Amino acid sequence: MDLSAYKGIIFDMDGTLVDSMPAHLDAWEKTCAIHEIPFDREWMYSLGGKPSFRIAEEINSYFQQNFDVQRLARTKYAFYEQIEHKGDVITSTYQILLDNKDSKKIAVGTGSRMIHAEPLLAETGILSLLDALVTADDVEKHKPNPDTFLEAARRLGLQPEECVVFEDTPMGVQAASAAGMDCYFVKDGEIIELIAASR
């Protein structure tokens, strides 16, 4: 993989750099069960990159319901917090981080809130390797909007076209493209393709 054209690398966190999506999905499955919401694991995974209250809004829209989105999000957070081990690093992307941390600026741009992102990144040893961290608390418009990645580039002191993104959901890839950044798509822990930004 030739990353010489880029000065910065921006990683999504859940499902891209840390295998934490199963923990999030398990928490959502329990939340849906107590609220009698049909649980579609594949559909829920496709929403990766959105903060939980935004996913709750998607649930209302998808199932034409009127749940209290903050209550749904709080319930999900509570189940997520009960999960002791939330995931290990994903070897393929973590190795890229290690290989490039001395020559490029490194950021994480995640749809998780700071209260959840920072402990997970610290626990996996990633936090100390980052030059910037952008969470759901740092932007108003979340993925598939470009704001998360644009803010990460800003904090790195780089232009969007100087950065490359690693993402595991179509929504995240869409956000990278909207930010004007090339994006490597990660599926099941493997980097499978480079999606060039349309400039």
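Quick notes on this one:
- Residue in region 40-60 that is within 30 Å of residue 162 (Cβ to Cβ), of a type in the set (Asp, Glu) and surrounded by fewer than 21 Cβ atoms within 10 Å (Cβ to Cβ) present: no
- Filtered residues of region 40-72 (kept if outside any loop (DSSP other than H, G, I, E, B), within 16 Å of residue 170 (Cα to Cα) and among the aliphatic types (A, V, I, L, M)): 44, 55
- Sole exception among (1) touching an Asp or Glu at 6+ places or on another chain (Cβ under 7 Å); (2) closer than 22 Å to residue 173 by Cβ for residue 127, by number: (2)
- When the helices (runs of 4 or more DSSP H) confined to region 95-199 are screened for residues that are within 21 Å of residue 23 (Cα to Cα) and touching a residue at least 60 places away in the same chain (Cβ under 8 Å), those reaching at least 2 such residues are found at 114-123, 170-178.
- For residue 169: the one exception among (1) among the polar types (S, T, N, Q); (2) in contact with a Gly (Cβ under 6 Å, 6 or more places away or on another chain); (3) surrounded by fewer than 17 Cβ atoms within 10 Å (Cβ to Cβ): (3)
- Condition check for residue 24: modelled with pLDDT under 95, within 24 Å of residue 133 (Cα to Cα) and out of contact with any helix residue (DSSP H, G or I) (no Cβ under 7 Å at 6 or more places or on another chain): no
- Count of region 10-39 residues which are crowded, with 24+ Cβ neighbours inside 10 Å and outside any loop (DSSP other than H, G, I, E, B): 7
- Checking 31, 91, 16, 110 one by one, the residue that is among the β-branched types (Val, Ile, Thr), modelled with pLDDT of 95 or more and in contact with a strand residue (DSSP E or B) (Cβ under 6 Å, 6 or more places away or on another chain) is 16 and no other.
- The condition of being within 21 Å of the chain's Cα centre (by Cα), under 30 Å from residue 153 (Cβ atoms) and without any contact (Cβ under 8 Å) to a residue 60 or more places away in the chain holds for only one of 57, 29, that being 57.
- Some residue of region 39-51 being under 28 Å from residue 179 (Cβ atoms), under 17 Å from the mean Cα position of the chain (by Cα) and among the acidic types (Asp, Glu): yes
- Yes/no for residue 151 being at negative phi, charged (D, E, K, R) and surrounded by 16 or more Cβ atoms within 10 Å (Cβ to Cβ): yes
- Exclusive hit being surrounded by fewer than 20 Cβ atoms within 10 Å (Cβ to Cβ), under 25 Å from residue 2 (Cα atoms), of a type outside the set (Asp, Glu) and touching a Leu at 6+ places or on another chain (Cβ under 7 Å), set 101, 187: 101
- Test: residue 118 is under 20 Å from the mean Cα position of the chain (by Cα) and outside the structural domain of residue 145 (by TED's automatic domain parsing): no
The values are calculated or read from the model by the stated rules, or taken from the named source; none is laboratory data. What you are looking at is a predicted structure, and each value in this text was computed from that prediction instead of being measured. With ideal geometry, Cβ positions are generated from the backbone for all residues, glycine too; neighbour counts draw on all protein chains shown.
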